[in-house]
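The values are calculated or read from the model by the stated rules, or taken from the named source; none is laboratory data. Predicted, not measured: the structure shown is a model, and the values here were computed from it. Cβ atoms come from the backbone with ideal geometry, glycine included; neighbour counts cover every protein chain shown. Remember, those area values only see protein heavy atoms, side chains included, never the ligands or the DNA or RNA. Shrake-Rupley method; radii C 1.70, N 1.55, O 1.52, S 1.80 Å.
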2 protein chains.
Amino acid sequence: VKIDAVDFFYLAMPQITTEADGSQDALVVRVIAGAHVGWGECEASPLTSIAAFVCPMSHGVCRPVAASVLGQKLEDVADIARIAALVERGSMDLLQAPHTWSGIEIALWDLLGKARGEPVWRLLGFSSTGKKTPYASILFGHDPHETLTRVRQVRADGFTAVKVGWGPIGLGSPGEDADHFHAAREGLGPEGQLLVDMGQVWQEDVAAATARLPGLESAGVLWVEEPFYANALGAYAEFASGSAKVRIAGGEGAHNALMAQNLIDFGRVGFIQIDCGRIGGIGPAKRVADYAAAKSITYVNHTFTSHLALSASLQPYAGLIDHRICEYPAAPKALARDLTTNHLVRNRDGEIEVPNAPGLGIEVSSEALRRYLVDVEISVAGNLIFKFPVDWKTNQKMT
Amino acid sequence: VKIDAVDFFYLAMPQITTEADGSQDALVVRVIAGAHVGWGECEASPLTSIAAFVCPMSHGVCRPVAASVLGQKLEDVADIARIAALVERGSMDLLQAPHTWSGIEIALWDLLGKARGEPVWRLLGFSSTGKKTPYASILFGHDPHETLTRVRQVRADGFTAVKVGWGPIGLGSPGEDADHFHAAREGLGPEGQLLVDMGQVWQEDVAAATARLPGLESAGVLWVEEPFYANALGAYAEFASGSAKVRIAGGEGAHNALMAQNLIDFGRVGFIQIDCGRIGGIGPAKRVADYAAAKSITYVNHTFTSHLALSASLQPYAGLIDHRICEYPAAPKALARDLTTNHLVRNRDGEIEVPNAPGLGIEVSSEALRRYLVDVEISVAGNLIFKFPVDWKTNQKMT
């Protein structure tokens, strides 16, 4: 079969706020190839990612993503890597391309899996899967008391691992930050896994990060995430060399596998966090997972949106039993919850299992696609080059 | 003054081909602040870069570039870095943002320079400038004879340095590649500086690159450029450690200063090539130039388009006398030539001088802006969020 159509559903909550919550909008991708359909999701700016798919060619290595995808043969797993290489070459100078391609690539795996009646993790070469321990991602409160309350709530919801991030952290004094870390530990209890996300707040300032180490250590924090800019490899390495107990996590900003490998090799992270909706999809994420395993670094998914994205993000390390912790969107906006009709719910032990159903094992809700849809029209030189949905009454694609 | 308006002129040749020639279209940026006007240019996909400026916010760190720029105070050089930091933070998850911001940032330097009657290089802290030796960038021919003819032509045009790249190179055997290298050397003569651009053709394959070293060495090639993917730091370092004479050049893919520094520190390049239209503008390019100088690495501009882009690209190392070679768009498309009414022409010695006129010292042709303009309209949720030009008859902005 050939790739006949790639459709982008730009979905959004009625109101978008400035909080660091990536579940407020979504770019869902549907790929149609012959009789088969697959679904994926970009973790990216929807309009900009659509533009990267349809933009006019600038030159031979600045082509729209569509040019490397539409009409391509899709018959087995190797075709996905082959098309990925076409995109990498043809859109070398189109910076947004990896974010656009990520959602398409995920949809291709879903499509192939469904066509063969196999879960994606099996197509990736795993023969079985391991259970994952989900951590809930929440934001620091305005003060330590609010942080305590929030973490306590998550603990009451049954999570034994929690990541707290953003908000005021890193902006006040080391003592104020330590109060937040200890409040989080108090809310979680002495046993739970406590993770902290700095959201790049210190940019390249290793001294600022190091000043927080005593607070992080005494609160028993397992990892401190993105203390610096995504590409500040030197700062990562310097901080890592000065931290005996607390390990560094990073990688969500990687838009290809090599950037993640650089964080492992040169940034000396202890946990490599990959967002399949940004790195180019499931294939490059699997490459990073294998690389991490070979280097004794722990692979972790980065997922803040829907359970379609969550299932995709678990596939690349579904069979890596020792890489147990996983990010779980504990309190997403209604859009992310409503997007799928089924969900990866925690079992009695509070753990997550990767679906055994064909493809990603997740059903997209056509009702949610309708309810949250944002229509987009783009014209260049007087020609309408993108319009979705085409026509509410006659559009066969919407069914 | 405040930044009152940022306008994007999407310009294109009537026909865009698949050749690796980035001068086939352009995204020119005009910034208006009070009574002052500045001009810049993005080296990027025009439509996608416009989308990154106007897209709806996705969340707190995935905001459109416009949100961090419009209305900002612009009174001195420090304001440019301050706004850059706002963009970096506010658009952390918007991958295209650095390409969009690059053209704006260049325009801000041009505007400030004109407002103060100073060339940009002086605002950057240089007290004088050095002459640069331009190299002409051309493509390999289909066969060594065509390569010879092309290089001979460039030599006859007075260039003593030439870079040959892309086309069939790296795809055939090492012997076939060596024939091209020697043809280029023959065309240039024994004295000239010969540079080779591999256009990432070997991806991560160090052995493939190493197999070409004898041919590169015997042809006296000064640098081999982008043998691998932009982020393949490990491959860069491995190849560098095995090459005694030929040095590696890279960096055009860097979309922030840290990526370029990583190429120096971990990739061990000998020449760091920066495109101001991609890395975030002149400020981060200057940071890389200073970093390179401190590490005894040679800084080089990457410029394939207009003389507006060329002037911008020379500013960050205008005063670094020892960093002498510069890329010079020798045979751009008519659009790139017509875009400016003045040009940086070679002096009698075949050298280039950085302009002493205020700002970038380059005048944009309003006639070219009209002639090559591609109009763009973007609507989201039924609202027109971008339309340029607004109205050919009444639009004051077009004058």
With each pseudo-label sitting 7 Å past Cα toward Cβ, what's the B:T210-A:Q15 distance in nm, one decimal?
-> 6.1 nm
The FRET efficiency for B:R82 and B:E186, from their Cβ-Cβ distance with R0 = 45 Å and rounded to 0.05, is 0.30
What residues qualify as long-range amide H neighbours of B:F386, i.e. H under 5 Å apart, gap of 5 or more or another chain, H built at 1.01 Å from N?
-> B:I378
Label point distance in nm, A:R89-A:S241, each placed 7 Å from Cα along Cα→Cβ | 4.0 nm
To the nearest 20 debye, what charge dipole does region B:267-364 have about its Cα centre, counting +1 at the Cβ of each Lys and Arg and -1 at the Cβ of each Asp and Glu?
-> 280 debye
Chain A: proportion of alpha-carbon pairs further apart than 38 angstrom, % | 18 percent
Compute the relative contact order of region A:259-319 as a whole-number percentage, counting only Cα pairs closer than 8 Å that sit 6 or more residues apart in sequence.
-> 37 percent
If you average the sequence gap of Cα pairs under 8 Å that are 6 or more apart and divide by the length of region A:208-254, what percent do you get for the contact order?
-> 48 percent
Could you list, bin by bin from short to long, the percent of Cα-Cα pairs of region B:111-224 in 10 Å steps?
-> 14, 39, 20, 15, 11, 1
Cβ-based charge dipole, chain A, positive-most Cα from A:P214, A:F181, A:S68 | A:S68
Is there a simple number for the mean count of other chain Cβ atoms within 10 Å of the Cβ of residues in A:129-138, and what is it?
-> 0
Roughly how many debye, to the nearest 20, is the charge dipole of region A:62-159 about its Cα centre, given +1 on each Lys and Arg Cβ, -1 on each Asp and Glu Cβ, and no other charges?
-> 260 debye
Most positive-pole-ward Cα, A:L171, A:F271, A:A293, against dipole of the protein assembly as shown from beta carbon charges | A:L171
Shielding of A:8-18 by other chains, given as the mean Cβ count within 10 Å, works out to 2
Treating only Lys and Arg (+1) and Asp and Glu (-1) as charged, each at its beta carbon, one finds that the protein assembly as shown has a dipole about its Cα centre, in Debye to the nearest 20, of 320 debye
16 Å Cα-Cα reach of B:K131 towards aspartates and glutamates, excluding residues that sit fewer than 8 places from it in its own chain = B:D322, B:E327, B:D349, B:E351, B:E353
Filter on A:K163/A:K295; A:K245/A:K286; B:K132/B:K163; A:K245/A:K295; A:K163/A:K333; A:K73/A:K114 - keep pairs with C-alpha separation over 22 Å | A:K163/A:K295; A:K245/A:K286
Kindly give the distances from A:K2 to its copy-mates, label point to label point, with each label point 7 Å from Cα along Cα→Cβ, as nm values to one decimal ordered shortest first.
-> 5.4
Mind listing the long-range amide H neighbours of B:G277? Cut-off is under 5 Å, sequence gap 5 or more, other chains count too, H placed in the peptide plane at 1.01 Å from N.
-> B:E43
Using 7 Å Cα-to-Cβ label points, what is the A:R116/A:V1 separation (nm, one decimal)?
-> 1.4 nm
Stretched out fully, how many nm does the piece from A:A35 to A:N356 gain, at 0.36 nm a residue minus the Cα gap?
-> 113.4 nm
Whole-number percent relative contact order across chain A, with pairs defined as alpha carbons under 8 Å at least 6 apart = 19 percent
If you build a Gaussian network model of chain A, linking Cα atoms that sit under 10 Å apart, which residue out of A:E105, A:E353, A:E226 swings the most?
-> A:E353
From zero up to wherever the largest Cα-Cα distance of region A:42-179 sits, split into 10 Å bins and tell me the percent of pairs in each.
-> 11, 25, 20, 22, 18, 3
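Stokes-Einstein at 4 °C, 1.567 mPa s, Kirkwood radius from Cα pairs: D for region B:252-292 in µm² s⁻¹?
The estimated diffusion coefficient comes to 134 µm²/s.
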How high is the FRET efficiency from B:R324 to A:R348, r the C-beta distance, R0 60 Å, rounded to 0.05?
-> 0.30
GNM, chain A, Cα, under 10 Å: largest mean-square fluctuation among A:L11, A:L123, A:L216?
-> A:L123
Of the candidates A:F140, A:A230, A:L108, the farthest towards the positive dipole end of region A:90-245 (Lys/Arg Cβ +1, Asp/Glu Cβ -1, centred on the Cα centre) is A:L108
Counting other chain Cβ atoms within 10 Å of each Cβ in A:227-235 and taking the mean gives 4
Carbon plus sulfur, as percent of the 1.4 Å-probe accessible area of region B:81-229, comes to 53 percent
